[in-house]
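Engineer: Handing you a structure now.
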Protein chains: 2
Amino acid sequence: MRRTKAEAEETRQQILLAAEKVFYEKGVAHASMADVARAAGVTRGAIYWHFANRADLVLELYNSLPMPQEELIARELEAENADVFAVLERVGREWLELLATDEHRQRILSILLRCDTSGEFAAISERQNDINDEHMQALEAAFAKAQGQGKLCACWTPRSAASMLRWVIKGLCSEWLLFGRRFDIAIEGKEALRRLFRTYASHVPSL
Amino acid sequence: MRRTKAEAEETRQQILLAAEKVFYEKGVAHASMADVARAAGVTRGAIYWHFANRADLVLELYNSLPMPQEELIARELEAENADVFAVLERVGREWLELLATDEHRQRILSILLRCDTSGEFAAISERQNDINDEHMQALEAAFAKAQGQGKLCACWTPRSAASMLRWVIKGLCSEWLLFGRRFDIAIEGKEALRRLFRTYASHVPSL
DNA sequence: AAACTAACATACAGCCTTGTTTGTATGTTG
DNA sequence: CAACATACAAACAAGGCTGTATGTTAGTTT
């Protein structure tokens, strides 16, 4: 039963939604394509028409997440007298708020966190790694700029500051997502960021 | 071919070692019992004799990890004039060093991190959660003690300090384990702990 | 030394999955 | 309005995996 292009796109979205639900509940590894198909109200044929295989389906799930405007942030940080800490803290806060309010993002990130990165999903894992590397470079550059402005406390290096920020956010998010979301990530995260950036700026003797 | 008890225990250990290797390389979900058996030089029969199923095997892998002496630490912290920060920092450092030097621990923790916590492995996940909760309680109590001694900077609460410590360590470990161990966790972790505990102690105005 | 049992190996049944292929009805295009 | 391509459904083939049941050998007990 040939459908119009719009209808086809609709079923594609349905499949993605169903995959999100099923993979989140049963785990990527233990959910079959038939499970997804049932949840989407189609047959496996439809899934294999729109997606090459399960790995591709997960990848598209990942791609369906709108990513924060990195170029915009980069431009903000490039400004001559940019307040690096203020920008970074705000971006971090926005990211946490985005995660806190977008349930799709929560589920998809949970799926990716729990999904076995070896084997068929290696590609996804590698892409995340690449993105991570870029982020770290950008972060380190930003902190270096702050250091040049004399704003970074002497006990931090750009690298150590960037690493610490990344570790805290990563720990925070994984704890929240995998641990039943037993605290308010927006609030606690905001406080943690506040404290962290305060220590970046405070004037404590170097190590 | 009936073996003596000692020999049986030996094959049990062989199976555990093989499981560690295979699960680490292929991921728990995609490795079959036959894979493990082959790697151990036995048949699946031997595995099913020693372990109930795959989940049990993973659980025993987890149990094979010697855990740090929590009671000993607790007693140290209970001392009237205990230097809480010094103890906590040392314990954190020791934990990172233990992880850095013990490859079995690295592989097993990697397996657990990447293993799908829903479904058959829910039990393991719950146990980790319980342990986590205990740790958090102990940490919070320790920081509360430090606060009582007037050593905790006013901008921290016992809870926020404990959370931050946990997030940093968790972020640090997952980054290192899942990310190809591309930095020296003992050194960088030591530095991060140093900076973190310095901020706990430093006298910065409250939030 | 006979009876028993621990420690496996081997064989079996059956399910579930994946990927593909075929069929088909319906849009879409010239 | 053909001819073709699209968007699926349905059927198929093949294999892998799990759990168990059974077989077998060698310690162990009495």
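Engineer: Can you find, within segment B:141-156, the residue that is farthest from A:Ile187 (Cα to Cα) among those that are assigned to a loop (DSSP other than H, G, I, E, B) and open to solvent by less than 60 Å² (accessible area, probe 1.4 Å)?
Structural biologist: For segment B:141-156, the residue satisfying everything is B:Gly150.
Engineer: Next up: Tell me, please, whether a residue that is more than 10 Å from chain A (Cβ to nearest Cβ), in contact (Cβ under 8 Å) with a residue 60 or more places away in the chain, open to solvent by 40 Å² or more (accessible area, probe 1.4 Å) and touching a Gly at 6+ places or on another chain (Cβ under 8 Å) can be found in segment B:179-187.
Structural biologist: no
Engineer: Return the residues of segment B:38-97 that are under 28 Å from B:Gly119 (Cα atoms) and basic (Lys, Arg); say none if nothing qualifies.
Structural biologist: Passing the criteria: B:Arg38, B:Arg44, B:Arg54.
Engineer: Here's a follow-up. Could you pull out every one of the helices (runs of 4 or more DSSP H) wholly within segment A:26-93 that has 1 or more residues that are in contact with a Phe, Trp or Tyr (Cβ under 7 Å, 6 or more places away or on another chain) and open to solvent by 40 Å² or more (accessible area, probe 1.4 Å)?
Structural biologist: Passing ranges, in order: A:54-63.
Engineer: So, one more: Check A:Asp56 against each of (1) touching a residue at least 24 places away in the same chain (Cβ under 8 Å); (2) more than 14 Å from the chain's Cα centre (by Cα) and name the one condition it does not meet.
Structural biologist: For A:Asp56, the exception is condition (1).
Engineer: Working only within segment B:102-125, note down all residues that are without any contact (Cβ under 8 Å) to a residue 40 or more places away in the chain and either away from chain A (no Cβ under 14 Å) or open to solvent by 40 Å² or more (accessible area, probe 1.4 Å) (or both).
Structural biologist: B:Asp102, B:Glu103, B:Thr117, B:Gly119
Engineer: Taking segment A:1-23, which residues are buried (at least 18 other Cβ atoms within 10 Å of the Cβ), in contact (Cβ under 8 Å) with a residue 40 or more places away in the chain, away from DNA strand C (no atom under 13 Å from the Cβ) and under 23 Å from B:Thr117 (Cα atoms)?
Structural biologist: A:Leu16, A:Glu20, listed by residue number.
Engineer: Could you say which residue among A:Val42, A:Val28 is of a type in the set (Val, Ile, Thr), touching a residue at least 12 places away in the same chain (Cβ under 8 Å) and within 11 Å of DNA strand C (Cβ to nearest atom)?
Structural biologist: Checking each option against the conditions leaves just A:Val28.
The values are calculated or read from the model by the stated rules, or taken from the named source; none is laboratory data. If you're wondering where the values come from, they're calculated on a predicted model, not measured in any experiment. With ideal geometry, Cβ positions are generated from the backbone for all residues, glycine too; neighbour counts draw on all protein chains shown. SASA here: full protein model, heavy atoms, side chains in, ligands and nucleic acids out. Shrake-Rupley method; radii C 1.70, N 1.55, O 1.52, S 1.80 Å.
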